[in-house]
Amino acid sequence: MIPGISNRRRFKDLSEQEVLALAISSEEDDARIYRSYAERLRDDFPASAAIFDGMAVEEDGHRVRLIDLHRARFGETIPLIRREHVAGFYARRPVWLVENLSLDRIRDEARQMERDAQSFYETAAKSTGDAATRQLLGDLAAAEAGHSDKAGQLVEEHIGADADAAEKDAAHRQFVLTWVQPGLAGLMDGSVSTLAPIFAVAFATQDTWTTFLVGLAASIGAGISMGFTEAASDDGQISGRGSPIKRGFASGVMTTVGGLGHALPYLITDFWTATTIAIAVVFVELWAIAWIQNKYMETPFFRAALQVVVGGALVLGAGILIGSG
């Protein structure tokens with residue numbers, strides 16, 4: 001048997017008291033999740049944090065109504081039953097993962113929570129024969145279905161057009177600082193700095209396997225170096241650039257990718273075929289860098305192209321000349 005699975009109850013086997021207890025614990029969990037979202041967003045997105053504070057208050061109201069019904073029907077003692085005790089019951093994302101979610105993703109998670117809760121209450125209402133219980137569960141299903149409307153009201157109350165635009169701008173800026181900027185720096189370093197050694201070895205030896213090994217070593221070495229340098233250079237607390245681990249990962253991976261792009265063609269055994277493809281890949285990489293600079297860093301495209309493509313071509317030419325000499 002799989003540990004833990006055999007101890008789960010099927011939803012259809014729960015008593016009406018246990019269904020109420022499950023609903024109470026679920027509302028408690030959802031309120032805590034919404035408050036965690038609010039705390040995560042409060043500094044950078046205060047208007048969205050106010051929305052989740054309001055939704056947590058809504059869940060608290062649902063919990064109070066459920067407890068009152070349980071008290072009236074079954075007394076003060078509420079059985080301990082949670083989502084993880086019921087087979088096939090919907091699960092919630094662990095709250096600590098909120099640290100890795102964007103603003104839009106958090107909003108999507110909240111909408112999914114509402115849909116899950118609505119489905120649960122609709123199913124639970126069908127399974128009870130008590131009129132008061134059936135009415136409350138039906139009301140809560142309707143309330144969860146209307147949470148999108150509630151969220152809309154809260155958005156109107158707490159987020160105007162200017163605030164929403166400001167939050168989206170802040171989210172975009174954080175994405176650029178944490179992922180795009182270090183990733184772009186890594187891609188530039190990997191694409192340009194490995195050109196000279198790879199093509200110098202290629203033209204000096206005209207041995208494609210040796211050239212590939214040198215390119216592989218240079219790319220991985222540069223990726224490790226850039227990743228650790230980026231992560232150690234700034235903890236992000238003052239600069240606001242985000243997690244050093246994320247930035248180091250972005251920089252290291254993109255540095256390695258940039259170098260491997262023109263090293264992989266040397267897996268082809270014919271030297272001139274491999275070299276022709278590698279040079280073509282180099283120019284694709286350089287134009288891609290110019291495009292990213294234009295899209296995310298707002299650098300004029302032709303200026304970015306002039307800087308990157310011309311600079312990369314000079315490094316490529318230097319490597320070829322040195323290797324040929």
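The values are calculated or read from the model by the stated rules, or taken from the named source; none is laboratory data. This one's a predicted model, so the numbers in the text were calculated from it and none came from an experiment. Here Cβ is always computed from backbone atoms with ideal geometry, including for glycine, and neighbour counts include all displayed protein chains.
Here are 43, 29, 68: which of them is in the same structural domain as residue 146 (by TED's automatic domain parsing) and outside any helix (DSSP H, G or I)?
43
Quick check on residue 109: is it assigned to a helix (DSSP H, G or I), in contact with a Lys or Arg (Cβ under 7 Å, 6 or more places away or on another chain), at pLDDT below 85 and assigned by TED's automatic domain parsing to the domain that holds residue 20? Spelling it out, residue 109 is indeed assigned to a helix (DSSP H, G or I), in contact with a Lys or Arg (Cβ under 7 Å, 6 or more places away or on another chain), at pLDDT below 85 and assigned by TED's automatic domain parsing to the domain that holds residue 20. Condition (residue is under 24 Å from residue 293 (Cβ atoms), surrounded by fewer than 20 Cβ atoms within 10 Å (Cβ to Cβ) and modelled with pLDDT of 85 or more) applied to the stretch 230-243: is it met by at least one residue? No - not one qualifying residue is present in the stretch 230-243.
Scanning the stretch 111-140 for residues that are among the aliphatic types (A, V, I, L, M) and within 32 Å of the chain's Cα centre (by Cα) gives 113, 117, 140. Taken over the stretch 242-257, the criterion of being farther than 14 Å from residue 229 by Cβ and among the small types (Gly, Ala, Ser) is satisfied by 242, 243.
I'd like to check something: does the stretch 288-306 contain any residue that is under 14 Å from residue 191 (Cβ atoms), without any contact (Cβ under 8 Å) to a residue 40 or more places away in the chain and either assigned by TED's automatic domain parsing to the domain that holds residue 43 or surrounded by fewer than 17 Cβ atoms within 10 Å (Cβ to Cβ) (or both)? Checked against the condition, which is being under 14 Å from residue 191 (Cβ atoms), without any contact (Cβ under 8 Å) to a residue 40 or more places away in the chain and either assigned by TED's automatic domain parsing to the domain that holds residue 43 or surrounded by fewer than 17 Cβ atoms within 10 Å (Cβ to Cβ) (or both), the stretch 288-306 yields at least one hit. In the condition set (1) at pLDDT 80 or above; (2) surrounded by fewer than 16 Cβ atoms within 10 Å (Cβ to Cβ), residue 100 is compliant with all but (1). Among residues of the stretch 130-153 that are modelled with pLDDT of 85 or more, those with a beta-carbon under 6 Å from a residue that is surrounded by 14 or more Cβ atoms within 10 Å (Cβ to Cβ) and not in a helix (DSSP H, G or I) at least six positions away or on a different chain give the pairs 134/128. When only residues in the stretch 266-283 that are among the hydrophobic types (A, V, I, L, M, F, W, C) and free of Cβ contacts under 8 Å to residues at least 12 places away in the same chain count, which is nearest to residue 213 (Cα to Cα)? Among residues in the stretch 266-283 that are among the hydrophobic types (A, V, I, L, M, F, W, C) and free of Cβ contacts under 8 Å to residues at least 12 places away in the same chain, the one nearest to residue 213 (Cα to Cα) is 272.
Kindly indicate whether any position in the stretch 2-18 is aliphatic (A, V, I, L, M) and modelled with pLDDT of 80 or more.
Step one: list which residues in the stretch 2-18 are aliphatic (A, V, I, L, M), which gives 2, 5, 14.
Filter again for modelled with pLDDT of 80 or more, leaving 14.
Yes, the conditions are met somewhere in the stretch 2-18.
So, residue 71, is that one closer than 30 Å to residue 135 by Cα, of a type outside the set (Asp, Glu), touching a helix residue (DSSP H, G or I) at 6+ places or on another chain (Cβ under 7 Å) and free of Cβ contacts under 8 Å to residues at least 24 places away in the same chain or not?
Values: closer than 30 Å to residue 135 by Cα: yes; of a type outside the set (Asp, Glu): yes; touching a helix residue (DSSP H, G or I) at 6+ places or on another chain (Cβ under 7 Å): no; free of Cβ contacts under 8 Å to residues at least 24 places away in the same chain: yes.
Considered against the rule, which asks whether it is closer than 30 Å to residue 135 by Cα, of a type outside the set (Asp, Glu), touching a helix residue (DSSP H, G or I) at 6+ places or on another chain (Cβ under 7 Å) and free of Cβ contacts under 8 Å to residues at least 24 places away in the same chain, residue 71 comes out as no.
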